[in-house]
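In what follows, a structure is listed as structure tokens, so that the remarks can point back to it.
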């Protein structure tokens, strides 16, 4: 196994544990439940991810709960590097950043997207980088942010994003 393969294996294994921890603790808020309930019948979720991605590990349990709350909503998971044509439709600042959630109606039309990171985490990482923090320090700060409940910020952002998927008339 090459050093790169060994690194990704470690990330994948550790992210599985992170994902399981969030899955065990996550209880959707009333606001999130309302946003999910307001989605159109038969909506489809496309989730672009990689198992080595820390952001995916912490966001997937929140995304997965959408289909658990609404049995008529499907969730299709796509591995970024195996689906580059699809990924290239949803670039972030020109990059193939994951995770990326796309909500479509039953006709396959995009309604809204979310990802790859919570805005508060983006701001934290940007500040650290501007202060000259190296890669390991930024990675550690990212991990600490998520462990301190950052995944709840993902739920808040997803709640807001899901509400943009819904025609205003159906929210009254």
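A short reminder: the numbers here are calculations on the coordinates, not readings from a lab. Computed from a prediction, not measured in an experiment: that's the story for all the values here. Using ideal geometry, Cβ is built from the backbone for each residue, glycine included, and neighbour counts are taken over all protein chains shown.
Mean residue ellipticity, 222 nm, helices only, the chain: the sum of -39500 (n - 2.57) across DSSP H runs of n ≥ 4, divided by residue count and rounded to 500, is -16000 deg cm²/dmol.
Figure legend: label point modelled 7 angstrom from the Cα of residue 6 along Cα→Cβ; residues of the stretch 127-147 with amide N under 20 Å from it are 136.
Each DSSP beta bridge with both residues in the stretch 3-171 is either parallel or antiparallel, and the antiparallel ones are about 60%.
Against the chain, whose longest principal axis comes from its Cα atoms, helix 3-25 is set at around 40 degrees. Against the chain, whose longest principal axis comes from its Cα atoms, helix 54-69 is set at around 20 degrees.
One chain, two ends: residue 84 and residue 138. Fully extended at 0.36 nm per residue, the span grows by 16.8 nm beyond their Cα-Cα distance.
What FRET efficiency comes out for residue 130 versus residue 156 if R0 is 25 angstrom and r is the Cβ-Cβ distance? Round to the nearest 0.05.
Approximately 0.50, to the nearest 0.05.
Could you give the angle, 0 to 90 degrees to the nearest 10, between helix 119-130's Cα long axis and the longest principal axis of the Cα atoms of the chain? The angle comes out at about 20 degrees.
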